[in-house]
Amino acid sequence: MAVCKSKLTEKVVTIIGSILLVVLVGIQFVPTKPNLSEIVPETDFMVINSVPKTIQNKLQVSCYDCHSNNTEYPWYNKIQPIAWILEDHVVQGKEELNFNEWGNYSARRKNSKLKSIISQIEDDEMPLFSYTIVHGDAKLSEEDKKEIIKYLTQVKKDL
Ligand code: HEC
């Protein structure tokens, strides 16, 4: 009886394993929509505010992959379900804030976004933790944070 039961378990595990394998192979063929645009529009945050180079670089490296129309994809974006997760980050990130669209935001929206950006950076909420694990260079040091926040506070004052 005991032998019978373990054989049954083995069978069930094999079936589940096979189904998972088929699903995993199958989802590789489901495409995602890439977020790629070579154009830097006139409405871009950097263009509008003539941001200092050092701060430009930091925002570009730490934020633009999810908050602009152009993502520099890693090689593993070819693998599902990772590509879906990244796509979700980009879609959600852009919905909240798209630096490329800055010029189209009303003064009121700019003000509230700047407030939100400053607090997200201050509290280490952004860039996302899952992102900095693989993008070490996107991590902002205390020094970087101070510099960026100081600059953005000035932009907010000048609105
Ligand atoms: C890996 C993708 C990713 C990166 C990199 C990233 N963000 Fe985000 N960001 C998101 C996602 C997804 C959301 C929406 C969900 C959330 O709030 O967690 C978001 C939301 C936000 C919001 C709105 C939050 C709110 O609740 O008001 C701000 C502001 C923001 N990000 C700023 C930044 C800044 C500034 C950087 C760079 C220092 C950055 N993000 C880097 C993905 C990212």
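Six or more apart or on different chains, Cβ under 9 Å: which pairs go from a residue in the range 77-92 that's on the phi < 0 side of the Ramachandran plot and of a type in the set (Phe, Trp, Tyr) to one that's open to solvent by 60 Å² or more (accessible area, probe 1.4 Å) and more than 10 Å from the ligand (Cβ to nearest atom)? Could you list them?
These pairs meet every condition: TRP84/VAL30.
List the number of the failed condition for LYS7; all other conditions in (1) modelled with pLDDT of 95 or more; (2) not in a loop (DSSP other than H, G, I, E, B) hold.
Every condition holds for LYS7 apart from (1).
What's the total number of residues in the range 125-159 that are more than 10 Å from the ligand (Cβ to nearest atom) and either open to solvent by 30 Å² or more (accessible area, probe 1.4 Å) or polar (S, T, N, Q) (or both)?
16
Sort out which residues of the range 93-124 are surrounded by 16 or more Cβ atoms within 10 Å (Cβ to Cβ), touching a residue at least 12 places away in the same chain (Cβ under 8 Å) and more than 7 Å from the ligand (Cβ to nearest atom), and write them in order of number.
Answer for the range 93-124, where residues must be surrounded by 16 or more Cβ atoms within 10 Å (Cβ to Cβ), touching a residue at least 12 places away in the same chain (Cβ under 8 Å) and more than 7 Å from the ligand (Cβ to nearest atom): LYS94, ASN98, PHE99, ASN100, GLU101, TRP102, LYS110, LEU114, ILE118.
In the list ASN57, ASN70, which residue meets the criterion of being without any contact (Cβ under 8 Å) to a residue 24 or more places away in the chain and under 26 Å from ILE148 (Cα atoms)?
Details: ASN70 fails: without any contact (Cβ under 8 Å) to a residue 24 or more places away in the chain.
So the residue among ASN57, ASN70 that is without any contact (Cβ under 8 Å) to a residue 24 or more places away in the chain and under 26 Å from ILE148 (Cα atoms) is ASN57.
When you go through (1) without any contact (Cβ under 8 Å) to a residue 60 or more places away in the chain; (2) small (Gly, Ala, Ser); (3) closer than 30 Å to ILE27 by Cα one by one for SER62, which number turns out not to apply?
It fails just one condition, (1).
Mind checking whether some residue in the range 91-102 is more than 17 Å from the chain's Cα centre (by Cα), at pLDDT 95 or above and either within 30 Å of VAL22 (Cα to Cα) or part of a helix (DSSP H, G or I) (or both)? First the steps, then the outcome.
At the first step, the residues of the range 91-102 found to be more than 17 Å from the chain's Cα centre (by Cα) are 102.
Those left that are additionally at pLDDT 95 or above: 102.
Next, from what is left, pick out any that are either within 30 Å of VAL22 (Cα to Cα) or part of a helix (DSSP H, G or I) (or both): 102.
Checking the range 91-102: at least one residue is more than 17 Å from the chain's Cα centre (by Cα), at pLDDT 95 or above and either within 30 Å of VAL22 (Cα to Cα) or part of a helix (DSSP H, G or I) (or both).
The values are calculated or read from the model by the stated rules, or taken from the named source; none is laboratory data. Being a predicted model, the structure only gives us computed values, none of them experimental. Heads up, the Cβs are rebuilt from the backbone with ideal geometry, glycines too, and the neighbour counts pull from every protein chain shown. Ligands, DNA and RNA are excluded from the accessible area calculation, which covers all protein heavy atoms including side chains. Shrake-Rupley method; radii C 1.70, N 1.55, O 1.52, S 1.80 Å.
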